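Data block below; observations after.
The values are calculated or read from the model by the stated rules, or taken from the named source; none is laboratory data. Not measured: the values here are computed from a predicted model. In this analysis, Cβ positions are derived from the backbone assuming ideal geometry, glycine residues included, and neighbour counts consider all displayed protein chains. Only protein heavy atoms, including side chains, enter the accessible area calculation; ligands, DNA and RNA are left aside. Shrake-Rupley method; radii C 1.70, N 1.55, O 1.52, S 1.80 Å.
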Amino acid sequence: REGAEYTAEKLADFGGCEFRAGGTKGEYVAAINAIGDLRRSWRRALTPAWDVVSEWSLREPGKSRVPVPEAGVRAAITLACCLHWTFFALFLAFGWCAVLRPGELLKLRRRDVTLPSDLASRSSPLFISIRASKTRRNRGAATHQHARVDAADVIELAEAFLGEMRPK
């Protein structure tokens, strides 16, 4: 036997062996991609090999890393406050705490931020309405998205800088 289906079957077997032997998922993915690059017409037939990658990911999830240490973000926010760069400080704080994309942050207006004081509360979280999210046009994605900030120091910062500004 030979051909795309046979190769995909053998790649899937190889992936199982690599997983059991303690190999790396990255090397296995590189092997699949190498076959796909050599025989572009076989790419669709390599589904069984990609299924092994999916199974591998479920059994051994990858580790996420923080792109910037929290101390670095706090230092940048502090510096922005010292330089009276109020909105940049909020940009950094909201981006970090609410995990927002830069494009979403740049489009924020006061009316998009609901402070606890707007709700006549002292203990509620801060809510951010994301008007133009990156995923808004994806099928099945929410058309209107929100983010929540629970960090007391960020809420206090937002209250100090935005509290006097009333949403329109």
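Overview of results
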item: Theoretical FRET efficiency, 1/(1+(r/R0)^6), r = Cβ-Cβ of HIS146 and ASN33, R0 41 Å, to 0.05; result: 0.60
item: Alpha-carbon Rg with Dmax, taken over the chain, Å; result: 24.0, 75
item: Computed [θ] at 222 nm, deg cm²/dmol, the chain (DSSP H ≥ 4; -39,500 (n - 2.57); rounded to nearest 500); result: -16000 deg cm²/dmol
item: Relative contact order [Cα under 8 Å, 6+ residues apart], the chain, whole percent; result: 16 percent
item: Solvent exposure, largest accessible area first (probe 1.4 Å, DNA, RNA and ligands not counted), of ILE32, ILE155; result: ILE155, ILE32
item: For the stretch 1-143: lysine pairs under 25 Å (alpha-carbon distance), excluding those fewer than 8 apart on one chain; result: 4
item: Solvent exposure ordering (accessible area, 1.4 Å, most first) of GLU5, GLU60, GLU159, GLU104; result: GLU5, GLU60, GLU159, GLU104
item: Where a label projected 7 Å from the Cα of SER64 along Cα→Cβ would reach, residues of the stretch 91-125 with amide N under 20 Å; result: 92-105
item: By accessible area with a 1.4 Å probe, ligands and nucleic acids excluded, highest first: order of TRP42, TRP96, TRP85; result: TRP85, TRP96, TRP42
item: Inter-probe distance in nm under a simple model that places probes 7 Å from Cα toward Cβ, at TRP85 and ALA21; result: 5.2 nm
item: Computed FRET value (nearest 0.05) for ALA75 with ARG110, which takes r as the C-beta separation and R₀ as 25 Å; result: 0.40
item: Farthest toward positive dipole pole in the chain [+1 Lys/Arg, -1 Asp/Glu at C-beta], among SER54, VAL99, CYS17; result: VAL99
item: With every protein chain in place, the stretch 1-81: carbon and sulfur % of accessible area (1.4 Å); result: 55 percent
